[in-house]
Amino acid sequence: EAAVGPRWLARSQLSVLHMLHLLAVLSASDMPLSGLRAFPSAGATVAAHAAAARALDRVCYPKDGMWSAAQFEEEIRSPRTAALGAWTVGDSGDEALVGMCFTSTVLDEASLTSLAVHPRLRRRGIGEALVCESMARAQAAGAAHFLLEV
């Protein structure tokens with residue numbers, strides 16, 4: 001399968017690499033991860049997910065974080081935004097957001113706008129897994145370029 005543009009791995013290569021990496025991340029973590037999944041973009045849970053993203057943002061970026069809860073909620077609801085979360089499962093079965101990656105797509109360009117992993121869980125590949133999954137989803141949605149917004 002040929003690569004789509006010079007910046008992309010072939011979809012099959014990216015999928016296999018991503019799956020292997022995600023399995024390694026999930027098995028190596030001290031805290032059991034329930035995996036990566038998209039934030040719901042509609043419904044009653046959007047505000048709760050925005051609050052969880054805001055809480056993680058404040059832990060990862062001291063001095064009050066980078067975005068407000070309202071900004072997270074607006075991004076989660078936006079049809080141009082893909083918001084992925086990495087979740088842990090606690091002893092009581094409750095899930096907690098420990099990593100997140102937000103991308104915004106306009107035409108054929110996907111831009112990474114926010115990436116955060118809880119400080120206690122860094123250097124375990126969670127951020128890399130989030131970025132790889134975001135890239136795979138952007139490519140599947142037709143993006144030809146993946147950019148880092150700084």
Exercise for review: Test each condition in (1) part of a helix (DSSP H, G or I); (2) farther than 25 Å from Q139 by Cα; (3) at pLDDT 85 or above; (4) not acidic (D, E) for I76 and report the one that comes out false.
Suggested key: (2)
Check your understanding: Restricting attention to segment 139-150, which residues are without any contact (Cβ under 8 Å) to a residue 60 or more places away in the chain and either of a type in the set (A, V, I, L, M) or closer than 27 Å to T45 by Cα (or both)?
Key -> A141, A143, L147, L148, V150
Review point. Among the residues of segment 109-124, is there at least one that is acidic (D, E) and outside any strand (DSSP E or B)?
Key: no
Point to revise | Residue count for segment 91-138, restricted to those that are of a type in the set (G, A, S), more than 19 Å from S78 (Cβ to Cβ) and either free of Cβ contacts under 8 Å to residues at least 24 places away in the same chain or buried (at least 18 other Cβ atoms within 10 Å of the Cβ) (or both) | key: 7
Check your understanding: Would you call D64 over 14 Å from S34 (Cβ atoms), of a type outside the set (S, T, N, Q) and either part of a loop (DSSP other than H, G, I, E, B) or open to solvent by 50 Å² or more (accessible area, probe 1.4 Å) (or both)?
Key -> yes
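The values are calculated or read from the model by the stated rules, or taken from the named source; none is laboratory data. In this text, all values refer to a predicted model and were calculated from it rather than measured experimentally. Counting neighbours? That spans all protein chains shown, and the Cβs are built from the backbone with ideal geometry, glycine included. With ligands, DNA and RNA removed, areas are computed over all heavy atoms of the protein, side chains included. Shrake-Rupley method; radii C 1.70, N 1.55, O 1.52, S 1.80 Å.
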